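Visitor: Dropping a structure here in structure tokens format, bear with me for questions.
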Amino acid sequence: MNLVETEDREDPCYDTPAYRSTELRAPRRLYLLPEELHDPTGPVFGESDVGPLDSDLTRQHDGEPLGERIIVSGHVLDSVGRPIANTLVEVWQANAAGRYAHDVDRHPAPLDPNFTGAGRCLTGPDGEYRFVTVKPGAYPWQNHPNAWRPAHIHFSVFGRAFADRLVTQMYFPGDPLFDHDPIFQSVRDPKARELLISRFDLETTEPDWALAYRFDIVLRSTPFE
Ligand SMILES: [Fe+2]
């Protein structure tokens, strides 16, 4: 992949008024993380090992989930393009109808008994990862009147240590909701916003089975390092 230089290298503002809940969430100052969270030998996997079914969100129940089956893959790289191997990538998402399998999601769209919407995998030697899932639906949220989130998949990527962790969202090309979404627009540089959009990946598409999208992730040093 090509690393893209963006004009605005700053992170999005922590407090973005159009994204209302940032008013309460945004830290008022930076906090130093404890030294042990910078330790690359620290635990990141929780209580169980990562298994092969963890990365296939369509095979975690007795039946197959409804929706458009897709393959989402890419590479995790550091800021100079070197692969980050053997790092944990986690995803979570709404089902094809735009509903999360979560108690606080009251959106009146159907739950899918064959879809939980959570997956994880470890990157391979070249920093590559791969998930099989279904394309998530857009869903409404309470941020402002008639607010809808563009379809997206949440990503968490552990770099070489817990303190490197990045949590972000992957979007799909051509979504008409981009211009109306304060979360997407909280990234002010248009070139940086483009990097949040996966690209359709015909090469990875499997005939008669699944479309594919590619999403590469670059981790750069945090201010804490
Ligand atoms: Fe979401």
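Each row is one residue, and each column tells you yes or no for (1) within 18 Å of Phe172 (Cα to Cα); (2) within 11 Å of the ligand (Cβ to nearest atom); (3) modelled with pLDDT of 95 or more.
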position	(1), (2), (3)
Ala96	yes, no, yes
Phe115	no, no, yes
Pro125	no, no, yes
Gln142	no, no, no
Asn146	no, no, yes
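Visitor: Restricting to the stretch 1-13, what's the tally of residues that are at pLDDT 60 or above and surrounded by 13 or more Cβ atoms within 10 Å (Cβ to Cβ)?
Guide: 2
Visitor: Here is a follow-up. Taking the stretch 148-165 only, how many residues are away from the ligand (no atom under 12 Å from the Cβ), part of a loop (DSSP other than H, G, I, E, B) and open to solvent by less than 30 Å² (accessible area, probe 1.4 Å)? Talk me through it step by step, then tell me what you get.
Guide: Filtering the stretch 148-165 down to residues away from the ligand (no atom under 12 Å from the Cβ) leaves 156-165.
Subsequent filtering for residues that are part of a loop (DSSP other than H, G, I, E, B) retains 158-161, 165.
Filter once more, keeping what is open to solvent by less than 30 Å² (accessible area, probe 1.4 Å): 158-159, 161.
Number satisfying all stated conditions: 3.
Visitor: For the stretch 174-193, give me each residue that is away from the ligand (no atom under 13 Å from the Cβ) and under 21 Å from Val89 (Cβ atoms).
Guide: Val187, Ala192
The values are calculated or read from the model by the stated rules, or taken from the named source; none is laboratory data. Here the structure is a predicted model, which is why all the values come from computation and not from measurement. Glycine also receives a Cβ, built like all others from the backbone with ideal geometry; neighbour counts cover every protein chain displayed. Ligands, DNA and RNA are stripped out before the accessible areas are found, and what is left, the full protein with its side chains, is counted by its heavy atoms. Shrake-Rupley method; radii C 1.70, N 1.55, O 1.52, S 1.80 Å.
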